[in-house]
1. Tell me which residues, restricted to segment A:70-114, are of a type in the set (Phe, Trp, Tyr) and not in a helix (DSSP H, G or I).
2. Take the conditions more than 21 Å from A:SER100 (Cα to Cα), within 15 Å of the chain's Cα centre (by Cα) and either at pLDDT below 95 or in a loop (DSSP other than H, G, I, E, B) (or both) and apply them to B:ILE25. Does it pass?
3. Six or more apart or on different chains, Cβ under 6 Å: which pairs go from a residue in segment B:45-65 that's part of a loop (DSSP other than H, G, I, E, B) to one that's of a type in the set (Gly, Ala, Ser) and away from DNA strand D (no atom under 11 Å from the Cβ)? Could you list them?
4. Restricting to segment A:36-54, name every residue that is under 18 Å from A:THR81 (Cα atoms) and near DNA strand C (Cβ under 7 Å from one of its atoms).
5. What do you reckon, is A:MET91 among the aliphatic types (A, V, I, L, M) and in contact with a Lys or Arg (Cβ under 8 Å, 6 or more places away or on another chain)?
6. Which one is surrounded by the fewest Cβ atoms within 10 Å (Cβ to Cβ) among residues in segment A:1-21 that are without any contact (Cβ under 8 Å) to a residue 40 or more places away in the chain and assigned to a helix (DSSP H, G or I)?
7. Exactly one of these conditions fails for A:GLY37: (1) assigned to a helix (DSSP H, G or I); (2) within 10 Å of chain B (Cβ to nearest Cβ); (3) not charged (D, E, K, R). Give me its number.
2 protein chains.
Amino acid sequence: MNKRKYGCGLDAAVDLMGGKWKALILWALHFDTLRFGELRRTVPGISERMLTLSLREMESTGLVHREMYYEVPPKVEYSLTEFGHSLVEAMTPLGEWGESNLDRIEAVTGGGNT
Amino acid sequence: MNKRKYGCGLDAAVDLMGGKWKALILWALHFDTLRFGELRRTVPGISERMLTLSLREMESTGLVHREMYYEVPPKVEYSLTEFGHSLVEAMTPLGEWGESNLDRIEAVTGGGNT
DNA sequence: CAGCATCCCGTACGATACTG
DNA sequence: CAGTATCGTACGGGATGCTG
């Protein structure tokens, strides 16, 4: 049962793009429509399982569009919906902040705890 | 051992404020310096344990400042550091996006999956 | 190539009780 | 008031193997 209302919009947004991989996937798809294998190569370190799961989840939340081509070598392309693009744009400042403070963040997370 | 480098700044930022409660706590502290009990009341649904853990973690990452007063009724005040404030500011667009799309988000997360 | 199934583990999180 | 200790669970996530 999921009766979770969100404390604020930020909470809701984090729920959508939180987790370990969704932000990376969103980011990757922001620039290009990508196939499964391309995504796998673009997002470093992700497993097939997590890519599949994340993609499915983002499909179901309307962030990602999935286009299947019924060909002999199976081909599936993933792209962002308008909704997805708008989210990425909202995340951009956070991403820039993160990059500006990468050193510091790596220092505190690497030497600290979870 | 923690050799996690981040895929991008966004990844790093999400690592800092991800989780279930940190965003809410940051948000609450953005407006005011708050005591433990006040925070507990401000962040709806959080347990003492999670509040403590989140606070400790954010202390260790330099987002939150903790000020103890050695008085008879113990008193501790939490506030954001400059670092914390800058993070909140970077998160703001995301929060606004979330609020603008609250209905949609609740619909897709409430009826879907995690 | 794209993807699902299964096993397994760590930890994030929750509930409850106790303390200075 | 402001925590800490302990226990238990659920889920996120990794590794591996199989299918159309």
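1. Just the residues of segment A:70-114 that are of a type in the set (Phe, Trp, Tyr), to begin with: A:70, A:78, A:83, A:97.
Correct list: A:TYR70, A:TYR78.
2. Values: more than 21 Å from A:SER100 (Cα to Cα): yes; within 15 Å of the chain's Cα centre (by Cα): yes; either at pLDDT below 95 or in a loop (DSSP other than H, G, I, E, B) (or both): no.
Against the criterion (more than 21 Å from A:SER100 (Cα to Cα), within 15 Å of the chain's Cα centre (by Cα) and either at pLDDT below 95 or in a loop (DSSP other than H, G, I, E, B) (or both)), B:ILE25 does not qualify.
3. Final answer for the pair search is B:LEU63/B:GLY84.
4. A:PHE36, A:THR52 - these are the residues of segment A:36-54 that are under 18 Å from A:THR81 (Cα atoms) and near DNA strand C (Cβ under 7 Å from one of its atoms).
5. Details: among the aliphatic types (A, V, I, L, M): yes; in contact with a Lys or Arg (Cβ under 8 Å, 6 or more places away or on another chain): no.
No: the conditions fail for A:MET91.
6. A:ASP15
7. For A:GLY37, the failing item is (2).
One line per residue, one yes/no per condition, for (1) within 12 Å of DNA strand D (Cβ to nearest atom); (2) more than 13 Å from chain B (Cβ to nearest Cβ); (3) at positive phi; (4) under 9 Å from the mean Cα position of the chain (by Cα):
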site: A:TYR6; (1), (2), (3), (4): no, no, no, no
site: A:GLY9; (1), (2), (3), (4): no, no, no, no
site: A:THR33; (1), (2), (3), (4): no, yes, no, no
site: A:VAL43; (1), (2), (3), (4): yes, no, no, no
site: A:GLY62; (1), (2), (3), (4): no, no, yes, no
site: A:VAL72; (1), (2), (3), (4): yes, yes, no, no
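The values are calculated or read from the model by the stated rules, or taken from the named source; none is laboratory data. Small disclaimer: the values here were computed from a predicted structure and weren't measured. Neighbour counts are summed over all protein chains in view; Cβ atoms, including those assigned to glycine, are modelled from backbone coordinates with ideal geometry. All accessible areas refer to the heavy atoms of the entire protein, side chains included, with ligands and DNA or RNA removed. Shrake-Rupley method; radii C 1.70, N 1.55, O 1.52, S 1.80 Å.
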